[in-house]
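A short write-up of the structure that comes next.
Just so you know, all these numbers are worked out from the coordinates, no wet-lab data involved. No experiment lies behind these values; they were computed from the predicted model shown. All Cβ positions, even for glycine, are placed from backbone atoms using ideal geometry, and neighbour counts span all protein chains on display.
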Amino acid sequence: MAIETIAVPDIGGSEDVEVIEVCVAVGDTIELEQSLVVLETDKASMEVPASVAGKITKLMVSEGDKVSEGSVLVEVESAAAATQAPAPKSPEPTAEPVQAAPKPNAQTASAGAEKTIEVPDIGGAEDVDVIEVCVTVGDEVSEGDSLIVLETDKASMEVPAPASGKIVSLAIKEGGKVSQGSVIGVMLTNDGEAVEAPVVSAAASEEAAPAETSAPAQQTAPAGDQNLVVPDIGGAEGVDVIEVCVSAGDSVSEGDSLIVLETDKASMEIPSAFTGTIKSLSVKDGDKVSAGDVIGVIAAEGDVAPTPAPVAAASAPSTSERAVSPGVQNQDVETAATKGFGDSVYAGPAVRKLARQLGVDMAKIKGSGPRNRLTKDDVRSYVKTIINDVQTGKMSAGAGSGIPQVPAVDFAKFGPVEMVKMSKIKKITAVNMQRSWLNVPHVTQWDDADITDLEAFRKSMKAEGEKRGIKLTPVPFLLKACAAALRAEPSFNVSMHHDGEHIVQKDYVHIGMAVDTPNGLMVPVIRDVDKKGLWELAEEATAMAKKARDGKLMPADMQGGCFTISSLGAMGGNGFTPIVNTPEVGILGVSRAQMKPVWNGSEFVPRNMLPLALSYDHRAINGADAGRFFTFLTGVIGDIRKLLL
């Protein structure tokens with residue numbers, strides 16, 4: 001048995017890439033190609049797979065660390081290591097195995113020795129802020145536990161403990177500034193293993209040296225037509241082209257994405273090696289490509305440098321060479337969270353593969369990783385929750401699955417069409433309405449309210465409203481009437497508890513009013529309606545409607561409603577069926593008022609009648625409750641003097 005190190009492979013020249021997830025732990029037995037860590041740049045996330053199989057003996061990084069090409073990630077006990085590392089045949093700079101390379105940050109320790117903890121390589125950043133100290137003197141820590149958290153203007157990173165032991169002293173505090181090599185404190189180690197800094201860059205420096213010395217040897221070629229070829233993609237063959245990002249005639253800069261490829265492990269963008277104009281493309285969506293395939297021709301501008309040969313060809317076989325994984329190459333490995341992939345889920349390829357295998361809709365899962373990134377544990381926990389809900393009867397085994405999907409239709413074959421992207425508000429509204437319609441057993445009752453006297457009173461207050469600078473519309477009267485009805489019939493002022501066994505009775509009256517805005521339907525909530533007068537309600541309703549149309553509503557302005565009023569009076573119509581705005585249990589739909597003949601006992605007289613539609617959740621409200629609520633409501637609207645009683 002021998003110890004091998006696995007280092008960060010070629011990641012396209014990126015430096016100080018953040019480790020956002022560590023997929024293994026000390027003692028784990030790993031297989032070839034198993035994911036070790038997940039790295040993230042500002043453009044992509046990528047998994048680093050194992051280049052050898054064996055048992056993890058030491059982790060050199062933790063979440064929040066920064067690594068570059070060549071940085072050591074783990075040490076692995078491998079039976080095949082001893083036979084795979086050939087002796088150097090010539091004095092080439094990289095022939096020496098990585099484990100034999102000097103490690104300036106390593107300190108040999110005897111059991112129980114006090115050792116100084118220093119800040120490891122943090123990408124050359126100087127005077128980095130210490131925003132959190134995670135330990136105190138006397139704490140017992142394990143290798144990899146976070147000691148401090150640093151923050152630059154671009155990222156925050158945790159500095160882990162290089163070994164297990166006890167914190168003897170701390171030399172820093174929150175608000176301090178540190179650089180690479182700064183002393184964090186002193187710890188008493190539990191064993192005799194060497195205390196090493198979490199990021200070892202000596203091997204990376206040695207491997208980088210030949211590449212740097214060879215750089216001046218590159219020569220430029222004159223501008224002209226250049227073939228765009230697929231670079232090294234880890235030996236993968238027949239990789240699917242899932243998106244073509246450019247078309248003939250487009251002007252591109254060096255590094256701009258040309259196409260997006262997808263394997264079973266990752267999606268990756270192929271960038272342009274030149275600046276110029278695309279003359280032709282030889283691939284399309286759905287094609288399959290391999291390394292070296294020509295994907296198009298570009299009219300390059302200025303002098304262009306030839307595509308560099310793979311760096312690995314310059315070095316003799318070594319353990320560091322074997323650490324270069326075929327699964328992660330010098331391309332930006334994109335998660336499907338990037339725009340153009342059809343959703344906004346933030347997850348890596350391995351997580352997406354697991355979700356596909358389990359048949360899980362990732363859009364329904366809340367991520368627990370950094371910046372709400374989905375992890376494998378999130379997916380597994382979601383599945384366990386569903387299984388548990390089915391077993392306990394909280395959810396039917398066929399809930400939602402029996403609803404047939406609407407088939408896709410190519411409308412363009414019938415005539416000209418245009419794809420218009422839905423606004424975020426419209427998409428949220430659509431999801432909420434569908435959820436309410438599928439989960440709430442709706443019942444709707446209709447009635448007409450006589451607003452003849454109300455309208456006469458409202459018009460008589462026009463001059464008073466002009467003095468106050470307030471326009472008195474029918475809305476404040478409806479708000480006040482609904483508030484009184486909610487107090488008179490409290491069965492409407494409830495919500496179903498999520499456990500399905502309780503009803504939440506509310507002792508406040510907040511009413512939402514639906515507002516049609518350029519961005520979609522919004523429902524601001526007016527609070528304590530039962531405690532406010534008509535003038536105050538009129539002023540607040542006008543102000544909230546303006547905020548909604550101007551897009552200035554805050555989330556708190558649309559939360560906490562007990563009941564909703566949706567009025568289409570100004571738009572016309574004799575009636576409609578409003579959908580309950582869950583978790584509320586009732587909504588009032590208001591249509592256009594019109595004069596109708598009404599029998600007064602001796603003759604028909606013209607009266608101004610307002611059509612009302614009351615929808616409610618039949619789980620919480622019975623028909624008799626709704627009847628009493630509606631009768632009270634139409635009564636106070638017909639005679640507003642009753643609001644004083």
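Quick notes on this structure:
- FRET efficiency, 1/(1 + (r/R0)^6) with R0 41 Å, evaluated for T57 and V183 via beta carbons: 0.90
- Formal net charge of residues neighbouring K547 (Cβ-Cβ distance under 11 Å; K, R +1; D, E -1): 0
- Extension gain for W446 to K462 (0.36 nm times residue separation, less C-alpha to C-alpha distance): 2.7 nm.
- FRET efficiency for the pair T116 and A25, taken as 1/(1 + (r/R0)^6) with r the Cβ-Cβ distance and R0 = 22 Å, rounds to 0.25.
- Here the peptides 25-31, 418-424, 574-580 are ranked by packing, the mean other Cβ count within 10 Å, and the order with the highest first is 574-580, 25-31, 418-424.
- Protection proxy ranking for 476-488, 272-284, using the average of other Cβ atoms within 10 Å per residue and placing the highest first: 476-488, 272-284.
- Residues whose placed amide H lies under 5 Å from that of T375, excluding near-sequence neighbours: S368, G369
- Highest mean first, the peptides 70-76, 239-245 sorted by other C-beta atoms within 10 Å per residue fall in the order 70-76, 239-245.
- Separation of the alpha carbons by more than 25 angstrom is noted, of K424/K552; K480/K506; K366/K426; K462/K552, for K462/K552.
- Distant-in-sequence amide H partners of I295 (H built 1.01 Å from N, under 5 Å): L228, V229, V230
- Using θ = phi - 60° in the Karplus curve 6.51 cos²θ - 1.76 cosθ + 1.60, the 3J(HN,Hα) couplings for the stretch 162-170 round to x, 7, 8, x, 10, 6, 8, 8, 10 Hz; x is entered for Gly and Pro.
- If the Kirkwood radius is taken over C-alpha pairs of the stretch 417-458, then at 4 °C and 1.567 mPa s the Stokes-Einstein diffusion coefficient equals 89 µm²/s.
- Between amide H atoms placed 1.01 Å from N, distances below 5 Å from G70 occur with V8, all of them 5 or more places distant or on a separate chain.
- Computed over the Cα atoms of the stretch 425-644, pair by distinct pair, the Kirkwood hydrodynamic radius stands at 18.0 angstrom.
- Between the beta carbons of C245 and E603, assuming R0 = 51 Å, the FRET efficiency works out to 0.10 to the nearest 0.05.
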